[in-house]
1. Does Arg225 qualify as being over 30 Å from Ile42 (Cβ atoms), over 20 Å from the mean Cα position of the chain (by Cα) and assigned to a loop (DSSP other than H, G, I, E, B)?
2. Which residues, counting only those in the range 114-138, are of a type in the set (A, V, I, L, M, F, W, C) and out of contact with any helix residue (DSSP H, G or I) (no Cβ under 6 Å at 6 or more places or on another chain)?
3. Condition first: open to solvent by 60 Å² or more (accessible area, probe 1.4 Å), closer than 27 Å to Ala198 by Cβ and more than 35 Å from the chain's Cα centre (by Cα). Can you find one or more residues in the range 311-322 that meet it?
4. Ser157: of a type in the set (Ser, Thr, Tyr), within 24 Å of Ile354 (Cα to Cα) and buried (at least 20 other Cβ atoms within 10 Å of the Cβ), yes or no?
5. Among the residues of the range 37-52, what is the count of those that are small (Gly, Ala, Ser), farther than 18 Å from Cys162 by Cα and either at pLDDT 90 or above or open to solvent by less than 20 Å² (accessible area, probe 1.4 Å) (or both)?
6. List the pairs whose first member sits in the range 377-400 and is in contact (Cβ under 8 Å) with a residue 12 or more places away in the chain and more than 17 Å from Ile247 (Cα to Cα), whose second member is assigned to a loop (DSSP other than H, G, I, E, B) and of a type in the set (D, E, K, R), and whose Cβ atoms are under 8 Å apart, counting only residues at least 6 apart or on separate chains?
7. State whether the residues of the range 402-409 include one that is of a type outside the set (Phe, Trp, Tyr), touching a Lys or Arg at 6+ places or on another chain (Cβ under 9 Å), closer than 15 Å to Thr80 by Cα and touching a residue at least 12 places away in the same chain (Cβ under 8 Å).
Amino acid sequence: MVNKKILVIGAGAAGLMAGGTAAMLGASVTIIEKNKRVGRKIMITGKGRCNLANNCDVQTFINNVPVNGRFLYSAINNFTPCDVIDFFETHGLKTKTERGNRVFPVSDRAVDVVDTMYNFAVNNGCNIIEDTAIELIIEDSAAIGVKCLGNTFYADSVIICCGGKSYPLTGSTGDGYTFAKQAGHTVTDLKPSLVPLASENPCCRDMQGLALKNVALKIIDINSRKTVFSDFGEMLFTHFGMSGPLILSASSHIRDIKKDKYCAVLDLKPALSYEQLDKRLQKIFKENANKDISNSFSKLLPRKIIIPVLKLWNVPFDKKCNVISREERRRLCEILKEFTIDISGFRPIEEAIITSGGVKTSEINPKTMESKLVCGLYFAGEVIDCDAYTGGFNLQIAWSTGRLAGENASYL
């Protein structure tokens with residue numbers, strides 16, 4: 001029996017899974033990667049720890065994919081989150097499940113995930129070549145090869161796993177969209193997802209570098225007053241606005257962002273009710289009765305946020321604590337429980353963790369990941385118009401679609 005020849009463009013999560021799977025099933029696989037090192041984007045996920053999956057059931061996974069989640073039913077049922085965990089454990093990488101069912105390597109090292117995937121591909125016989133793909137070779141509505149800067153390769157099938165446009169330094173420069181369009185595919189509008197949020201509020205710049213570890217966040221649609229996101233966790237103020245895990249998660253729930261449409265509402269003291277916070281303030285003001293209010297908050301708030309809070313409160317900085325009125329305390333409680341920052345937009349797509357948008361799912365067979373337009377052409381990973389919330393769901397998309405594409409591309 002003649003082994004089927006397969007070309008995989010991209011040695012990221014989806015590409016290594018697709019290539020390794022196809023080779024495991026007997027195909028002759030060549031993976032084309034523009035970087036010297038495979039898995040560059042995997043290396044930076046989860047703050048370098050790599051949140052490789054979410055330990056959840058299939059329906060929970062689908063519920064966490066707001067863009068075209070139903071398209072992934074076949075892929076996720078074929079290679080479930082439990083299957084992913086078993087895969088890594090079987091290939092020698094011990095895993096652990098943390099808060100929110102996030103799965104990490106026990107070592108807390110993303111490089112161990114990359115090495116596991118590299119070994120999976122190479123040990124099954126994949127040939128990984130450092131070159132840059134520049135054009136698909138398509139004849140008679142069939143993908144038969146890839147033209148690169150250094151060489152031209154021919155095969156029976158081509159799997160596009162080039163990633164999106166986020167973090168271009170890792171190699172995700174949107175090449176996959178170019179190849180898809182060359183094959184006649186529709187590429188939906190590309191937008192950043194899991195991305196920092198910009199704000200024109202000067203207090204963000206004033207608080208630049210301030211990390212809040214225990215804060216509650218709501219993203220509010222200003223016109224409808226509807227809460228589109230609510231959670232508790234860590235965030236960071238920057239010169240341009242806000243970032244950190246909580247903000248990145250929030251960004252994926254915002255679909256039609258524009259200036260003056262959304263605001264972030266922070267509860268700076270989520271562990272305290274209004275009544276408890278008021279009692280706390282009374283105690284602070286009593287203990288600092290003869291001090292200026294500007295010098296009395298060091299045990300209540302981080303230093304960098306004190307001045308922005310006082311400016312919002314609009315009480316003279318030199319006012320003594322023992323003359324603060326009940327109404328002034330009530331207003332301060334409201335500020336601390338509803339510290340509001342308008343959102344002006346997303347940061348650029350280059351700063352996003354993932355790209356929202358991509359190859360239109362209606363043009364891909366969900367049961368095989370093969371193009372409906374070009375025989376022998378497959379897609380896997382971020383290049384497809386599917387994206388999820390944080391928590392390991394996006395890497396799960398890469399593993400599952402890569403697995404399915406690799407399996408079906410290898411069939412004679």
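1. Working: over 30 Å from Ile42 (Cβ atoms): yes; over 20 Å from the mean Cα position of the chain (by Cα): yes; assigned to a loop (DSSP other than H, G, I, E, B): yes.
Criteria met by Arg225.
2. Answer for the range 114-138, where residues must be of a type in the set (A, V, I, L, M, F, W, C) and out of contact with any helix residue (DSSP H, G or I) (no Cβ under 6 Å at 6 or more places or on another chain): Val122, Ile128, Ile129, Ala133, Ile134, Ile137, Ile138.
3. So the first thing to find is which residues in the range 311-322 are open to solvent by 60 Å² or more (accessible area, probe 1.4 Å), and the list is 311-312, 314, 316-318, 320, 322.
From the residues that got through so far, the ones that are closer than 27 Å to Ala198 by Cβ too are 311-312, 314.
Right, trim to more than 35 Å from the chain's Cα centre (by Cα) and you get 314.
Yes: one or more hits.
4. On the way: of a type in the set (Ser, Thr, Tyr): yes; within 24 Å of Ile354 (Cα to Cα): no; buried (at least 20 other Cβ atoms within 10 Å of the Cβ): yes.
No.
5. Here the count works out to 0.
6. Short answer, once both residue conditions are applied: Asp385/Lys360.
7. Taking every residue of the range 402-409 in turn, at least one turns out to be of a type outside the set (Phe, Trp, Tyr), touching a Lys or Arg at 6+ places or on another chain (Cβ under 9 Å), closer than 15 Å to Thr80 by Cα and touching a residue at least 12 places away in the same chain (Cβ under 8 Å).
Condition check ((1) without any contact (Cβ under 8 Å) to a residue 12 or more places away in the chain; (2) open to solvent by less than 10 Å² (accessible area, probe 1.4 Å); (3) in contact with a Leu (Cβ under 9 Å, 6 or more places away or on another chain); (4) in a loop (DSSP other than H, G, I, E, B)) across all residues:
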residue	(1), (2), (3), (4)
Lys181	yes, no, no, no
Phe229	no, no, yes, no
Met235	no, yes, yes, no
Met242	no, yes, yes, no
Ala250	no, yes, yes, no
Asp256	yes, no, no, yes
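The values are calculated or read from the model by the stated rules, or taken from the named source; none is laboratory data. Remember, it's a predicted structure, so these values are computed and weren't measured experimentally. Every residue, glycine among them, receives a Cβ derived from its backbone with ideal geometry; neighbour counts consider all protein chains shown. Just the protein is used for accessible areas: all its heavy atoms, side chains included, with ligands, DNA and RNA removed. Shrake-Rupley method; radii C 1.70, N 1.55, O 1.52, S 1.80 Å.
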